[in-house]
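Peer 1: Supplied in structure tokens, the structure appears directly below.
The values are calculated or read from the model by the stated rules, or taken from the named source; none is laboratory data. As the structure is a computational prediction, the values presented were derived from the model and not from experiment. In this analysis, Cβ positions are derived from the backbone assuming ideal geometry, glycine residues included, and neighbour counts consider all displayed protein chains. SASA here: full protein model, heavy atoms, side chains in, ligands and nucleic acids out. Shrake-Rupley method; radii C 1.70, N 1.55, O 1.52, S 1.80 Å.
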Amino acid sequence: IPFDPVDCIDFDGVAFVVTGQFKIGRGFVESYIEDMGGEVKGACSSLVSYLVVGSIPDPIWKYGNYGTKVRSAVDLKKAGHDLLIISEDAFTALIK
């Protein structure tokens, strides 16, 4: 997955998509985003600023199939949209 480097995360009024399985729990990540003023969306679009990807790998990833949310995010980035794809580890490090 082509993760982006990120130094900080802006939450207030910003749209996020969360995908995959998380060590810290997907529900925790979604609640944290909403508690900080962000909005969790169900799919990537031009309105989304961040895709947060859980760190527990899906067995199909080894075949290059990362799922529709990751694929959509990559396509949006290629089209010039400023969407960041970040890992659970990067997300967790920035919220501590």
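Peer 1: Being among the polar types (S, T, N, Q), assigned to a strand (DSSP E or B), modelled with pLDDT of 95 or more and on the phi < 0 side of the Ramachandran plot: is that true of Ser49 here?
Peer 2: yes
Peer 1: Filter the range 7-18 down to residues that are of a type in the set (Asp, Glu) and closer than 21 Å to Leu47 by Cβ and give me whichever is most open to solvent (accessible area, probe 1.4 Å).
Peer 2: Residues of the range 7-18 that are of a type in the set (Asp, Glu), as a first pass: 7, 10, 12.
Checking the rest, the ones that are also closer than 21 Å to Leu47 by Cβ come to 10, 12.
Details: Asp10: 86, Asp12: 122 Å².
Looking at the filtered set, the residue picked out is Asp12.
Peer 1: Conditions: (1) surrounded by fewer than 11 Cβ atoms within 10 Å (Cβ to Cβ); (2) touching a Lys or Arg at 6+ places or on another chain (Cβ under 9 Å). Leu51 meets all but one. Number of the miss?
Peer 2: (1)
Peer 1: Inside the range 19-36, can you point out the residues that are under 15 Å from Leu94 (Cβ atoms), open to solvent by less than 90 Å² (accessible area, probe 1.4 Å) and outside any loop (DSSP other than H, G, I, E, B)?
Peer 2: Val29, Tyr32, Ile33 - these are the residues of the range 19-36 that are under 15 Å from Leu94 (Cβ atoms), open to solvent by less than 90 Å² (accessible area, probe 1.4 Å) and outside any loop (DSSP other than H, G, I, E, B).
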